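See structure below.
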Amino acid sequence: MKVARQTTLRDHTELRGVGVHSGLPVTLTLHPADADTGLRFVRTRLEGWEDREIPADMSAVTATEFATVLGDASGPLVSTAEHVLAALAGLGVDNAVVEIDGPEAPIMDGSAAPFVAAIDSVGLKTLDRPRRYIKVLKPVRVNGNGCSGELRPHSRGLRVETEIDFDHPLIGRQKFMLDLEPQAFRRELARARTFGFMRDVTKLWNAGYALGASFENTVVIAEDRVLNADGVRFPDEFVRHKAVDALGDLALAGAPLIGAYRSVRGGHKLNHAVVTALMSDPTAWTYTELEEPVRRPRGHADLGAGFAVPAYGPEVS
């Protein structure tokens, strides 16, 4: 059997933007990494501190209220990590170093698409080391506050199922399901943007959040319409973005998952709780390898089909 091999980037690639919550300018650089490095963040330009490196895994999560925040004993280091993690996971990048010179990853256009484009610009390199997966062996479920999340066995690869239910005429109840592979991620999820409600803006600003949000990086919803001039990219863009967030959070398991993840009215807090519950039960998972697919997409680095709460709104929809 020819097993799937690990990948990394062929070269470094850089993105510049602002943080959706901080409003601060930031540069994020994706670097290649050796086999078995995994995904890691390096925070630079820390006043009074040397550069700090942290693994992109659940042990580094320090907050999940409005975004996924990673840090170490010194405190939070990188906020809003979910979109770049979703792009790396969605395109099958196993090893990369994410260098960031500010407290928050750039929001770009509010989706994972700019990170996908950056990865495409340099391409992927296959490494001479088998890819190791985390295979879900039995269901693990977390319930609370009207939300539920579950990881269960699935025959091959990762399936993401998300469901939302908003008391709003433009959203209501939406469901989405995706069997993850690069082409499907590109086509169905990468362009889905974060969203928020106009009624919440003042409250968020007063709390120090959404200071960098704008019509250029957020789908803004009024009581009866979407305020962005270009409207929505998908009729169900809201639930699709929740799937993007879920994929980014699931990447913090530390290896690609083989299983099905279902989230109902969830968010970053729930996603993290389910991954933590899985990894805390050694009878619920095991490491394994998979056979390399016979047919592989051509063209892009590694080309990368539908369930989303506002990315910077409350955890309960």
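Stokes-Einstein diffusion coefficient for region 9-99 at 10 °C in a medium of 1.306 mPa s, Rh from the Kirkwood formula over Cα pairs: what value in µm²/s? Approximately 116 µm²/s, per Stokes-Einstein. Residue ranges 71-78, 213-220, 106-113 sort as 106-113, 213-220, 71-78 when ordered by packing (mean number of other C-beta atoms within 10 Å per residue, highest first). Within the assembled protein chains, the solvent-accessible surface assigned to ARG10 is about 150 Å², based on a 1.4 Å probe.
Per residue, how large is the accessible surface of the chain? Use a 1.4 angstrom probe and give square angstrom.
43
Of the beta bridges DSSP finds with both residues in the chain, what % are antiparallel, to the nearest 5?
70
The GluC sites (Glu not before Pro) of region 1-58 that DSSP puts in a loop, and whose beta carbon has at most 10 other beta carbons within 10 Å, are GLU47, GLU50. For region 66-143, compute Rh as the Kirkwood radius over C-alpha pairs and then the Stokes-Einstein diffusion coefficient at 4 °C and 1.567 mPa s; write the answer in µm²/s, rounded to an integer. Using the Kirkwood radius from Cα pairs, D works out to 87 µm²/s. When Lys and Arg each count +1 and Asp and Glu each count -1, what net charge do the other residues less than 12 Å away from ASP128, Cβ to Cβ, add up to? That works out to +2. Note on GLN183 and ARG45: their simple-model spin labels are 4.0 nm apart, each label 7 Å out from Cα toward Cβ. Applying 0.36 nm per residue to the separation of LEU24 and ALA117 and subtracting their alpha-carbon distance, the gain on full extension is 31.2 nm.
Leaving ligands, DNA and RNA out of it, rank TRP205, TRP285 by accessible area with a 1.4 Å probe, largest first. Don't jump to the answer; show the numbers that get you there.
Details: TRP205 135, TRP285 45 Å².
Heavy-atom accessible area, descending, gives TRP205, TRP285.
The lysine pair tally for the chain, using Cα distances under 25 Å and a gap of 8 or more places or different chains, is 14.
Applying a DSSP loop filter and a limit of 16 other Cβ atoms within 10 Å to the trypsin sites (Lys or Arg not before Pro) in region 107-186 leaves ARG156. If you plug the beta carbon distance of ALA73 and ASP11 into 1/(1 + (r/R0)^6) with R0 = 30 Å, you get a FRET efficiency near 0.35.
With a 1.4 Å probe and every protein chain kept in, tell me what percent of the accessible surface of the chain is carbon plus sulfur.
Details: 6770 of 13690 Å².
The C+S portion of the solvent-accessible surface of the chain is 49 percent.
With R₀ fixed at 30 Å, the C-beta to C-beta distance from ASP224 to GLU65 puts the FRET efficiency at about 0.60. Eigen-decomposition of the gyration tensor built on the alpha-carbon atoms of the chain gives equivalent ellipsoid semi-axes of 28, 23, 19 angstrom, largest listed first. Considering only GLY71, PRO25, VAL97, and ranking their Cα positions along the charge dipole of region 1-112 that arises from unit charges at the beta-carbon of Lys, Arg, Asp and Glu, the one farthest toward the positive end is VAL97.
The values are calculated or read from the model by the stated rules, or taken from the named source; none is laboratory data. Note that the structure is a prediction, hence the values are computed from the model and not measured. As a convention, Cβ positions derive from the backbone with ideal geometry for all residues, glycine included, and neighbour counts pool all protein chains shown. We work out accessible area using only protein heavy atoms, side chains counted, and drop any ligands, DNA or RNA first. Shrake-Rupley method; radii C 1.70, N 1.55, O 1.52, S 1.80 Å.
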